[in-house]
Amino acid sequence: MGPEGEGLAGAARHGLSEQLDARRRVEALWRIESARIVAGLARYTGDLALAEDVAQEALAEALVNWPREGVPRDPVAWLLTTGRRRAIDAFRRRSALDDRLPQLDTGPAPDRPDDTDDDVLTLMFTACHPALSREAQVALTLRVVGGLTSDEIARAFLVSTATVQARITRAKKSLGAAEAGFRAPESDELGARLAAVLSVVYVIFTEGSSASSGDALIRFDLAGEARRLARVLARLMPGENEVHGLLALLELTSARFPARTDSDGEPVLLEDQDRRLWDDSAIRRGRAALRSAERVGRGLGYYGLQAAIAECHAVARSVADTDWERVVALYEALGTLAPSPVVELNRAVAVSMARGPADALPLVDAVAEDLPDSHQVAGVRGELLRRLGRTTEARTELERAVSLCGNDRERTVLHRKLADLP
Amino acid sequence: MKFMLIMRATDETFAAYENVDFNEMIAVMGKFNEEMMNAGVMIGGEGLDPEDPGVVVDYSSETPVVTDGPYGETKELFNGFWMLEVASKEEAVEWAKRAPMQGPGSKMEIRRVTEIDEFPQDNEWVQKEKGWREQLGTA
């Protein structure tokens, strides 16, 4: 494992920029390999918290050594071996204090993390363990599965690095207290555990997609990371329709990113978006994932149905060209599966597009009873009243929406609608 | 970020590959592709026909000159590409290093793919291109 193609003269040439290059290379390698390295170490120790600790120690060692001595020929083997050595040290320290603890097998370590697919899946399930808060699940998943540094996670969520570190430390303690160990879920809990994993990936995506384009320069691309995680899951669990459904939803939603804000960074409503800007290759990938979800043969779930709705928009050349009756039917299915006022509001909007504002208004009125202080409900109601020619009522309702709205950008859109009233 | 990994080879590369078993070559390439699929980074790729090196149109003189490929004196041939979606250029480089390519003259070029929204949106031709992309079903 000597330095790569570098003699003493090469080592001496290493200046600041070479050190930076080596550092970036370590970080890139870590992004690719961290899941397999941490999963391998967790399988070895039976303890994700310890595995993460020793993996970080190995990474820190690499960041010090590699820029100085060159990157080893097989960096993954180096990181695994170093991590494993640190794990043995940790166990020795612990068993010196408590002789009831077993010793780790110190035999030769495998050079490569072969056949670690199951371990990576177990890693995802453990990072999203029910003993953890959603916030902790998200941070731990990004750290151990995504290979992000605390700094990258902090920048992505606009919190301090110390906050992220504290969150991860707490998460690891909770896993220990819950005796989570490192094992795949039992078959009777698989459904609920998978739902938690998918939900974490979705949260990561929505956090990433709420970033404006200006933020993108400094914030880690969380939406991209969520797509990557969903693709990894789809490979690991091809028989789960909702995994494909989630991937489809993320691809089809991402396809609209280039059109979702105007040149001033203001949000552009779906109906006003320049559809020529939509990313057609993302649409193709999303539709392919949706077909995979359907092929599983259990129908579409929570994410799959949302993806199918996104597909209706993705294939339509314009708002008028959209198959709104299909959108209505899909929202009805979604509302049956996961009833919520937000789904009802969206169904009402689809009904207004398919059959006109008169059919939709009673549906919105019903939602308004559940969500009396929602600016979105008031906004939709105002829009329907406008289309019905009830301008005075529309103005009152849109003004109420403005007063309820806490988001500057959405308020701008509402002001625009008010200004457009006859 | 999207990157294109472009395989490049020379006559010497092809000569070295002549002794490699075809099935074995497909297997190692398949394993590399599978690894990128499992990692969730591969979003596309194509191979170019190695039997037909194509033609080259050279614009150095006033009238374009058409010659048989590969590219003039360098004898270098692009023979395939991958499209990856990764977080950094360094990550794309790491994947390139793992590609099962070897032998004299065998190279990989790594280029970032530009997105349509990086161009001035009010330009008439950028506007037209958006329409073309829609028609062609390309990103």
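Rule-based calculations on the coordinates, nothing more; no lab input. Here the structure is a predicted model, which is why all the values come from computation and not from measurement. Quick reminder, even Gly has a Cβ in these numbers, built from the backbone with ideal geometry, and neighbours come from all protein chains shown.
Things worth noting here:
- Applying a threshold of 32 Å to the alpha-carbon distances of B:LYS2/B:LYS75; A:LYS417/B:LYS89; B:LYS89/B:LYS130; B:LYS2/B:LYS31; B:LYS75/B:LYS97; B:LYS2/B:LYS128 flags A:LYS417/B:LYS89 as lying beyond it.
- Basic side chains Lys and Arg get +1 at the Cβ, acidic Asp and Glu get -1 at the Cβ, and with that the dipole of segment A:335-422 about its Cα centre reaches some 360 debye.
- Spin-label model distance (nm) - A:ALA338 vs A:ALA419, 7 Å beyond Cα toward Cβ: 3.6 nm
- For the segment A:250-260, counting C-beta atoms of other chains within 10 Å of every residue's C-beta and taking the mean gives 1.
- Positive-end extreme of charge dipole, segment A:228-325 - chosen from A:ALA282, A:TRP324, A:PHE257 (charges on Cβ): A:ALA282
- Tilt relative to chain A, helix A:391-404 - C-alpha long axis, 0 to 90 degrees, to 10: 20 degrees
- Within segment A:278-302: backbone nitrogen closer than 18 Å to the A:VAL315 label point (7 Å, Cα to C-beta): A:278-297, A:299-301
- Dividing the summed helix terms, -39500 (n - 2.57) for each DSSP H run of n ≥ 4, by the number of residues in chain A produces a 222 nm estimate of -22000 deg cm²/dmol to the nearest 500.
- Over all distinct Cα-Cα pairs of chain B, the Kirkwood formula returns a hydrodynamic radius of 17.4 Å.
- Taking a ≥ b ≥ c as the square roots of the eigenvalues of the Cα gyration tensor, segment A:335-422 is oblate, since a/c reaches 1.5 or more and a/b is not larger than b/c.
- Near-label residues of segment A:36-56 by backbone N, under 19 Å of a point 7 Å along Cα→Cβ of B:GLU35: A:36-41
- GluC sites (Glu not before Pro), loop per DSSP, at most 16 other Cβ atoms within 10 Å - longest free stretch of chain A: A:187-422
- Average beta-carbon neighbours from other chains, 10 Å sphere, peptide B:89-95: 5
- Positive dipole terminus of chain A, leading residue within A:THR81, A:ASN65, A:ILE153 (C-beta point charges): A:ASN65
- Cα-centred dipole magnitude for segment B:2-136, charges only on beta-carbon of K, R (+1) and D, E (-1), debye, nearest 20: 400 debye
- Extreme residue, positive dipole direction of the protein assembly as shown, given options A:GLY379, A:ALA307, A:ALA90 (C-beta unit charges): A:ALA90
- Exercise: per-residue mean of other protein chain Cβ atoms within 10 Å, A:223-234: 3
- Of the GluC sites (Glu not before Pro) in segment B:53-114, those whose Cβ has at most 11 other Cβ within 10 Å and which sit in DSSP loop: B:GLU62
- Each part reduced to its alpha carbon centroid, segment B:1-73 and segment A:374-422 end up 56 Å apart.
- Dipole magnitude for the protein assembly as shown: computed about the Cα centre from +1 point charges on Lys and Arg Cβ and -1 point charges on Asp and Glu Cβ, it is near 1440 debye.
- Ellipticity estimate at 222 nm from DSSP helix runs (n ≥ 4, -39,500 (n - 2.57)) divided over chain B, nearest 500: -10500 deg cm²/dmol
- Cα gyration tensor category, rounded, prolate or oblate, for the protein assembly as shown with a/c compared to 1.5: oblate
- Debye intensity ratio I(q)/I(0), log10, segment A:277-336, q values 0.13, 0.19 Å⁻¹ (C-alpha model): -0.34, -0.72
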